[in-house]
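Peer 1: Before I ask anything, here is the structure I am working with.
Taken together, the values in this text are just the output of simple stated rules run on the coordinates, not laboratory data. A quick note: this is a predicted structure, and the numbers were derived from the prediction, not measured. Quick reminder, even Gly has a Cβ in these numbers, built from the backbone with ideal geometry, and neighbours come from all protein chains shown.
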Ligand SMILES: *Cc1c(COP(=O)(O)O)cnc(C)c1O
């Protein structure tokens, strides 16, 4: 955990709005996964869409992690960070075959989630490029419908009921399937969702003779609200190890298990700092208007997500109730009726748990610049992305 002093120091040095990341916390999260899954042959692939600054990717590369990429550009960033191709999975959705070809040219692991693409892939490569298949297990799970990806009406994956069609494609094209993948959603606390998903996948393994990998995706929950608890990783590690061991005894088959956590690895490591611009007393509410908005942190508006917010400039101030709003010309409310130590103009407000899907989902809406990013490593504090300026906004625009 970074102290308020360190965070205020960062805000003073680099200005606000500002994202600050704590390297130690990322390493703690990674180590806790290795510990929880120690009984199984597990490999972790960081789902990097949560936070792709190459300096962050390098931390995980050095830890020995693999990486899960959902676009060809993420694959390029992963290579830049030092991940070798065998430690990269390419898990896109709704992309054209061309993008798969680009990924195969880079020799990364390929995850296919569509029957017609599997056929195209098989026709092109035969058994020369073994693939992973993303199955849709028809499980409803996750913190919000927008982040549920494994239910029957989800666009993701090939229905687990279409295993026979997959087999037909394998028969026709000789495509070799080395892995089966599911990712049911984000913020899953209920361990039974993972156990059920695994059971469903294990039932289909008999149809895939070349199978060596089962990839159970990501979606571990981290606590956002003060009284919330995250996924119990130790308990999950035990349950899954039991399930795999039982399966091995009955079938004689052993698999490598892959996970793709995004949020779990980087959420708690991230802090978002903004400055109070105005305090507005309305007839029924007091607003704090800050120098940011959903252009910098969209989760509260997009997912109704809760972020803990504190006034780190005035921690002894009297508690008052505020609506914390942004400066975008839309109703961009970060929090309703939130108790904070009295906020004065220019106070620095801290948003916790901002490492995942924070900066990464930021935009330049309202022609405002995106924030800077800073990495704290032990005693060192380093700018890892400079603040944007008007020139960045104009870059790429063609003027006569
Ligand atoms: C987004 C995503 C993840 C990570 O989800 P988290 O909730 O951040 O853990 C894992 N795998 C795939 C395929 C994804 O799209």
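Peer 1: Go ahead and estimate [θ] at 222 nm for the chain from helices alone: -39,500 (n - 2.57) per DSSP H run with n ≥ 4, summed, over the residue count, rounded to 500. Intermediate values should be presented prior to the final figure.
Peer 2: Working: 12 runs with 123 residues, N = 400.
Helix-only estimate at 222 nm: -9000 deg cm²/dmol.
Peer 1: Hey, what angle do you get for helix 115-125 against the long axis of the chain, alpha-carbon based, 0 to 90 degrees rounded to 10?
Peer 2: Taking Cα atoms only, the helix is inclined about 60 degrees.
Peer 1: Further question: Springs between alpha-carbon pairs under 10 angstrom, Gaussian network model over the chain: which of 194, 247, 259 fluctuates most?
Peer 2: 247
Peer 1: Okay, moving on. Could I get the Rg over Rh figure for region 156-216? Both from C-alpha atoms, Rh via Kirkwood, rounded to two places.
Peer 2: Details: Rg = 12.6 Å, Rh = 12.6 Å.
The Rg/Rh ratio comes out at 1.00.
Peer 1: Hey, another quick one. Rounded to the nearest 0.05, what FRET efficiency is calculated for residue 251 and residue 152 with R0 set to 25 Å and r the Cβ-Cβ distance? Spell out each step's value before the answer.
Peer 2: Details: r = 28 Å, r/R0 = 1.10.
Given R0 = 25 Å and the Cβ-Cβ separation, E is 0.35.
Peer 1: Continuing with the same structure: Mind pulling up the Rg/Rh value for the chain? Radius of gyration and Kirkwood radius, both on Cα.
Peer 2: Details: Rg = 22.7 Å, Rh = 22.5 Å.
Reported Rg/Rh, Kirkwood definition of Rh: 1.01.
Peer 1: Compute the orientation-averaged projected area for region 59-201 from the convex hull of its Cα atoms and round it to one decimal in nm². Walk me through the intermediate numbers first.
Peer 2: Working: hull surface 35.6 nm².
Averaging across all directions leaves 8.9 nm² for the Cα convex hull.
Peer 1: To test your reading of the geometry: what angle, between 0 and 90 degrees and rounded to tens, separates the Cα axis of helix 233-251 from the longest principal axis of the chain?
Peer 2: That works out to roughly 0 degrees.
Peer 1: So, one more: Do you know the relative contact order of region 302-400, to the nearest whole percent, from alpha carbon pairs under 8 angstrom that are 6+ apart? Each step should come with its number before you reach the end.
Peer 2: Values: 123 pairs, mean separation 22.3, N = 99.
Relative contact order, region 302-400: 22 percent.
Peer 1: May I pose another question? At 4 °C and 1.567 mPa s, what whole-number value in µm²/s does Stokes-Einstein give for the translational diffusion of region 183-298, with Rh from the Kirkwood sum over Cα pairs?
Peer 2: Details: Rh = 17.6 Å.
Rounded to a whole number, D works out at 74 µm²/s.
Peer 1: Could you give me D for region 240-340, from Stokes-Einstein at 10 °C and 1.306 mPa s, where the hydrodynamic radius is the Kirkwood radius over C-alpha pairs? Units µm² s⁻¹, please. Intermediate values should be presented prior to the final figure.
Peer 2: Working: Rh = 16.9 Å.
It diffuses with D of about 94 µm²/s by this estimate.
Peer 1: Using Cα pairs under 8 angstrom and six or more residues apart, how large is the relative contact order of region 115-208, in percent? Before the final figure, lay out each step's value.
Peer 2: On the way: 146 pairs, mean separation 35.1, N = 94.
Relative contact order, region 115-208: 37 percent.
Peer 1: Which value, to two decimals, describes the C-alpha radius of gyration of region 74-116 once divided by 2.2 N^0.38 Å? Intermediate results must be reported in sequence, preceding the final value.
Peer 2: Details: Rg = 10.3 Å, N = 43, 2.2 N^0.38 = 9.2 Å.
In units of the 2.2 N^0.38 Å rule of thumb, it is 1.13.
Peer 1: Hey, can you rank 372-382, 182-192, 6-16 by average C-beta count inside 10 Å, highest first? Present the calculation step by step, with values, prior to reporting the outcome.
Peer 2: Values: 372-382: 15.5, 182-192: 21.4, 6-16: 17.1.
Answer by packing, highest mean first, reads 182-192, 6-16, 372-382.
Peer 1: Hey, another quick one. In Å and on Cα atoms, what radius of gyration and Dmax does region 9-51 show?
Peer 2: 15.3, 46
Peer 1: Next question. So what are the radius of gyration and Dmax for the Cα set of region 253-400, in Å?
Peer 2: 17.9, 67
Peer 1: In a Gaussian network model over the chain where Cα atoms closer than 10 Å are linked, find which of 42, 177, 195 has the largest mean-square fluctuation.
Peer 2: Among 42, 177, 195, the largest mean-square fluctuation in the Gaussian network model of the chain belongs to 195.
Peer 1: If you take every DSSP beta bridge whose two residues both sit in the chain, what share of them, in percent to the nearest 5, is antiparallel? Could the numbers behind the result be given before it?
Peer 2: Details: 28 of 62 bridges.
So the antiparallel bridges amount to about 45 percent of the total.
Peer 1: Where the convex hull is taken over the Cα atoms of region 1-142, what is its projected area averaged over directions, in nm²? All intermediate terms of the calculation are to be shown ahead of the outcome.
Peer 2: On the way: hull surface 45.8 nm².
Computed as one quarter of the Cα hull surface, the answer is 11.5 nm².
Peer 1: Another question, then. Determine the relative contact order of the chain: mean sequence separation of Cα pairs under 8 Å and six or more apart, normalised by residue count, in whole percent.
Peer 2: Numbers: 857 pairs, mean separation 77.5, N = 400.
Computed over the chain, the figure is 19 percent.
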